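What follows is a short report on a single structure.
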Amino acid sequence: MIADVVIAGGGLAGAAAAADLARAGKNVTLIERETGPTHKICGEFLSSEAQASLARIGFDVGSLGGHKITALDLACGAGIITTKLPFEGLGITRYALDEALLAHAAGCGATVLRGRNISKVVAAREISLELTNQPAMDARTLFLATGKHEVRGLRRDASPPDDLVGYKMYFQLSNPAQAALAGKIALILFKDGYAGLQMVEHDQANLCLLTSRARVQKTAGKWPALLADLCLDSPYLARILPGATELLDQPLTIYRVPYGYIHHPLAADHPDIFRLGDQAGVIPSFTGDGMAIALHSAARAASMFLAGETAAAYHQRLSHDITSQIHRAGWLYRAASAPLSQGVLFKLMQAWPASLQLAARLTRVPPRARLHH
Ligand SMILES: Cc1cc2nc3c(=O)[nH]c(=O)nc-3n(C[C@H](O)[C@H](O)[C@H](O)COP(=O)(O)OP(=O)(O)OC[C@H]3O[C@@H](n4cnc5c(N)ncnc54)[C@H](O)[C@@H]3O)c2cc1C
């Protein structure tokens, strides 16, 4: 039997597309390899466009009890700039959000298959999905939404940097630290990267950071030593973390994220394979807009598929929607992380705090591209 539409991956992009297609009456099957909720490496800042995309498919993110974020602390060395954000974000764990969105997709009528790993895709006239220890499945149309994970047969043509390592840890902060962080996201610049720190639901704090392999080697790959080393670089972190309790046994880690990647349609692309989320474009994570792009790509792919358009037309349109946003984020990231320009940029922003709001606005999915219905 050949399925009409199979969605590979049940993260935000896959689950949102499944909900959208099922609401339109399509027969859609989603395959997710995890059997239940999992932690994902993510700063967990859900921007306002991401919240609007969720509302568009009838998903009430407010019911999950996240932490409202309306202001930004940008910290560099001993300096801090505090400014209002030009929109309201939400701190919400992926553990809760992804699971609730998958349940929503199933509630909309999508068939959600858990605990199945797609080991390979063979894209000939029909699309065949090989599953680990399960019979293969055939599909007429595939939405590829496996996030950062490559699937054999459909690898992204990306060249990720080898020198950056990402970490995520949850903390129970001291009461004064919680009060200092209430309603804010802190972006903390280091010599070799940055951290995002914010509250999420249940009064927990998410610290998500990118640092260099050199620092990881210097601290022998030991998380406590790495954190102590970062506190030497950042008075902001050194002030917030004393008295905090770590809530995971080990931090989550990530390597080789292909920041700046955008899938441009190629002649060799299969006409019925739509790439969503991180499989379509990867924005530097300090912007807190990767989830918005994932949800936007899902909405764009679903609406173009329902209108009978090809995957090539969709990829053309999506790259038009997100390319300038991703490029601007890349320039900002390079300027904010290079030792020479970091200080200059910070001084400029201190002199002109409105530039931070402008930067926040320019690194969103552009309003002209957003789907409202
Ligand atoms: C360090 C860091 C911090 C970030 N911080 C933020 C932030 O604060 N705000 C923000 O908006 N974005 C942030 N992002 C970006 C955001 O996390 C991603 O853009 C987003 O998760 C992409 O969603 P997705 O649905 O494409 O992929 P994912 O959320 O990764 O989902 C992919 C799903 O596919 C499943 N899967 C993978 N392979 C297979 C397979 N072979 N078979 C079956 N299932 C499979 C996985 O289990 C997973 O559930 C951050 C990213 C990084 C790296």
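The values are calculated or read from the model by the stated rules, or taken from the named source; none is laboratory data. Keep in mind that this is a model prediction, so the values were computed, not measured. Please note: Cβ atoms are built from the backbone with ideal geometry, for glycine as well, and neighbour counts cover all protein chains shown. Just the protein is used for accessible areas: all its heavy atoms, side chains included, with ligands, DNA and RNA removed. Shrake-Rupley method; radii C 1.70, N 1.55, O 1.52, S 1.80 Å.
Values for this structure:
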quantity: In the stretch 141-153, residue farthest from the ligand (Cβ to nearest atom) [restricted to those that are over 17 Å from the mean Cα position of the chain (by Cα) and open to solvent by less than 20 Å² (accessible area, probe 1.4 Å)]; calculated: T141
quantity: Top-ranked residue of the stretch 306-321 - restricted to ones that are over 14 Å from P367 (Cα atoms) and of a type in the set (D, E, K, R), ranked as surrounded by the most Cβ atoms within 10 Å (Cβ to Cβ); calculated: R317
quantity: Answer residue from the stretch 213-234, given it is touching a strand residue (DSSP E or B) at 6+ places or on another chain (Cβ under 8 Å) and surrounded by fewer than 17 Cβ atoms within 10 Å (Cβ to Cβ) and is modelled with the lowest pLDDT among those; calculated: R213
quantity: Top-ranked residue of the stretch 264-283 - restricted to ones that are in a loop (DSSP other than H, G, I, E, B) and at pLDDT 95 or above, ranked as surrounded by the most Cβ atoms within 10 Å (Cβ to Cβ); calculated: L276
quantity: Options S355, S341, S303, S324; residue that is in a helix (DSSP H, G or I) and open to solvent by less than 30 Å² (accessible area, probe 1.4 Å); calculated: S355
quantity: Count - residues of the stretch 1-48 that are acidic (D, E) and modelled with pLDDT under 95; calculated: 1
quantity: Test: R361 is open to solvent by 50 Å² or more (accessible area, probe 1.4 Å) and at pLDDT below 95; calculated: yes
quantity: Odd one out for V257, checked against (1) more than 8 Å from the ligand (Cβ to nearest atom); (2) assigned to a loop (DSSP other than H, G, I, E, B); (3) crowded, with 16+ Cβ neighbours inside 10 Å; calculated: (1)
quantity: Helices (runs of 4 or more DSSP H) wholly inside the stretch 1-120 that include at least 3 residues being more than 9 Å from the ligand (Cβ to nearest atom), farther than 30 Å from A136 by Cα and of a type in the set (G, A, S); calculated: 48-56
